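The values are calculated or read from the model by the stated rules, or taken from the named source; none is laboratory data. Every value quoted in this text rests on a predicted model; they were computed, and no experiment measured them. Neighbour counts run over all protein chains shown; Cβ positions are idealised from the backbone, glycine included.
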Amino acid sequence: MDLIQRISPALLSVLPTTPRRSAEPPAFSPSATIASTSSPLDLRTSPHNLCLRPFAVFDDDFLALLGPSPSLRVVAQDSSFRFAHEAGIWIPSSRECFFTSNQFYPDPSANPTHKSIQISKIKAPDTPGGTYSWEKISPSPDIPTANGGINYNDGALFCSQGYGDALSGALVYMDVHPPYASQVLLNHFHGRPLNCPNDVVVLPLDGTIWFTDPDYAIIQNLRTVQNLPTQVYCFNPATGNLRVVADGFKRPNGISFAPDFKTCYISDTNASNGLGGKISDVPGTIYAFDVVLSPASTKPNRPYILLNKRVFAFADSAAPDGIKTDTEGNVYSGCSDGIQVWNSDGILIGKILIPGGIANFCFTDPGVILAFNENRIVEVRLNATGSIVKY
C-alpha cells in the first residue's frame, strides 16, 4: 500500500460530518485525536499499531520533503514503562542518541509517591535498515527528573525539572561517556529557584543557552512552591549572566532556532493540561520571534534579544511540544497525532501520523528522524535534513 495520502483542499475546508460542538472531550477538529470519526485522514492502523498511510500531504511542498520513498518503522520498544518521551540528543561522533522517559514510580511498594525519570541512549546502525540497540544509563550524580536536552561542548545538556521544594529545576551538563559524569550549570535566577526547565537550545552566534521554564513541576506534584513566573531565559555560561528574554506564556515548552538563527520558535502548551487532558480554548500555539542584536545596548558586545512576537502556527491536535527545524526552514513539532510540519510561512504542509502521539523527536543522520512514542521509538526516513549544528 502507498504510505502517502493526499488531503484535498475540499476536505480541508468542509468536514464530511457535522462537528459535535458540545462533545466532551471536544470533537471540533478533523484530527483532534487519532481516532476521530469525522477526519478526512486515513487513520487505519496495522496489527502493530502503525498507520497504514502515515504520511499525510496537505501541500505539495511536503511531497518534496518526503522524497521518493519515505518509510517508518519501530526500532525500539518496551511495554513495561514509558521509556521514550523527551530530549533526543544526537551525538554524531558515537552515533548515539540520548533521551528521557516519562515520569514513573520506580518502587511503588517502598515509596508509592516518589517519581523518577530514566535517561537512556540508543545507538544507530551504520547502514539503513540495520538494528538499533538501546540501554539505560545512570549519570553520576543523578539528574533529577531530566526532560529536554541538546548536544553541547561534546556532551549532553539536560533540563532537570528537580524534585521536592529543596531541589529546584536546573540545567545539567553530562559527559556522554561512562561513567556519565554530570555537573549543574545553573539552578536559580538571582537566588530564586527555577521552576522546571523543559527544553533547551544553543545559539551558536554567541554560545548562549536559551531555555523554557513552565510550571509542570507544580501541576505534576514534583514540588509545591513556584518561585518564578513561566518564562523563557537566556544564559551566558561564559559570564554566568541569566536574563529573561520572553514572558506572557502560560506554559512555554519547545524552543528552536531557524537554520539562519534569525527566528526563534517557542511553543505554548497550555492546551495540554500536563496530566493527559486537553483544553480547547487556550493556546496550543507556536510563536515566532525575531532574533536581533539589542538596539538599545551601548556595549560593544551587544546581546541577542527577541522582538516582534507573533503567531507562527496553531496546532489542531492539542498542543505542539518539542520543535525542530530542517535546513530548508520547515518547522516540525511533536503533537498528539504524530509530527506536524509547517513551512516557513506557518502553513501546515503535512503530518507524520503516529498513534499515541509524539512529545519530542530528533534528527540524526541526513534524512532520518527518531520519534519518541512513549513505549516505542519510531524511525522516520524522508528527504529532509535537520538543521543540527555541532556546538
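A compact table of results
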item	result
Strands (runs of 3 or more DSSP E) enclosed by region 186-244 - at least 1 residues per element that are in contact with a Lys or Arg (Cβ under 7 Å, 6 or more places away or on another chain), over 22 Å from residue 164 (Cβ atoms) and of a type outside the set (Asp, Glu)	231-236
So residue 143, is it hydrophobic (A, V, I, L, M, F, W, C), in a loop (DSSP other than H, G, I, E, B) and out of contact with any helix residue (DSSP H, G or I) (no Cβ under 8 Å at 6 or more places or on another chain)	yes
Hits in region 338-381 (condition: in a loop (DSSP other than H, G, I, E, B) and crowded, with 24+ Cβ neighbours inside 10 Å)	354, 358, 359, 373
Unique match (being within 22 Å of residue 326 (Cα to Cα) and either over 19 Å from the mean Cα position of the chain (by Cα) or crowded, with 22+ Cβ neighbours inside 10 Å (or both)) among 239, 224, 212	212
Subset of region 192-244 (residues that are closer than 13 Å to residue 266 by Cβ and acidic (Asp, Glu))	199, 213
Selection status of residue 383, out of contact with any strand residue (DSSP E or B) (no Cβ under 9 Å at 6 or more places or on another chain) and either at pLDDT 95 or above or under 26 Å from residue 95 (Cα atoms) (or both)	yes
Any hit, region 317-325, residues being more than 27 Å from residue 40 (Cβ to Cβ) and more than 14 Å from the chain's Cα centre (by Cα)	no
Output for region 335-368, where each listed residue is without any contact (Cβ under 8 Å) to a residue 40 or more places away in the chain and more than 18 Å from residue 315 (Cα to Cα)	366
So residue 354, is it within 26 Å of residue 96 (Cβ to Cβ) and in contact with a Ser or Thr (Cβ under 6 Å, 6 or more places away or on another chain)	no
Members of region 289-328 that are touching a strand residue (DSSP E or B) at 6+ places or on another chain (Cβ under 9 Å), surrounded by fewer than 21 Cβ atoms within 10 Å (Cβ to Cβ) and part of a loop (DSSP other than H, G, I, E, B)	294, 295, 296, 297, 302, 303, 316, 327
Residue within region 166-180 that is in a loop (DSSP other than H, G, I, E, B), surrounded by fewer than 24 Cβ atoms within 10 Å (Cβ to Cβ) and on the phi > 0 side of the Ramachandran plot present	yes
Residues being in a loop (DSSP other than H, G, I, E, B), surrounded by fewer than 20 Cβ atoms within 10 Å (Cβ to Cβ) and at pLDDT 95 or above - total across region 119-138	5
Residue among 325, 385 that alone is free of Cβ contacts under 8 Å to residues at least 60 places away in the same chain and of a type in the set (S, T, N, Q)	385
One residue from 62, 98 being outside any loop (DSSP other than H, G, I, E, B), of a type in the set (Phe, Trp, Tyr), over 22 Å from residue 154 (Cα atoms) and touching a Lys or Arg at 6+ places or on another chain (Cβ under 9 Å)	62
Verdict on residue 284 being surrounded by 23 or more Cβ atoms within 10 Å (Cβ to Cβ) and either within 20 Å of residue 378 (Cβ to Cβ) or without any contact (Cβ under 8 Å) to a residue 40 or more places away in the chain (or both)	yes
Checklist (1) surrounded by 19 or more Cβ atoms within 10 Å (Cβ to Cβ); (2) under 13 Å from residue 5 (Cβ atoms); (3) at pLDDT 65 or above; (4) of a type outside the set (Lys, Arg) applied to residue 31, failing item	(3)
Residue that is modelled with pLDDT of 90 or more, over 21 Å from residue 145 (Cα atoms) and surrounded by fewer than 20 Cβ atoms within 10 Å (Cβ to Cβ), where the choices are 60, 42	60
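Condition check ((1) touching a Phe, Trp or Tyr at 6+ places or on another chain (Cβ under 7 Å); (2) free of Cβ contacts under 8 Å to residues at least 24 places away in the same chain; (3) charged (D, E, K, R)) across all residues:
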position	(1), (2), (3)
166	no, yes, no
180	no, no, no
195	no, no, no
209	yes, no, no
256	yes, no, no
262	no, no, yes
265	yes, no, no
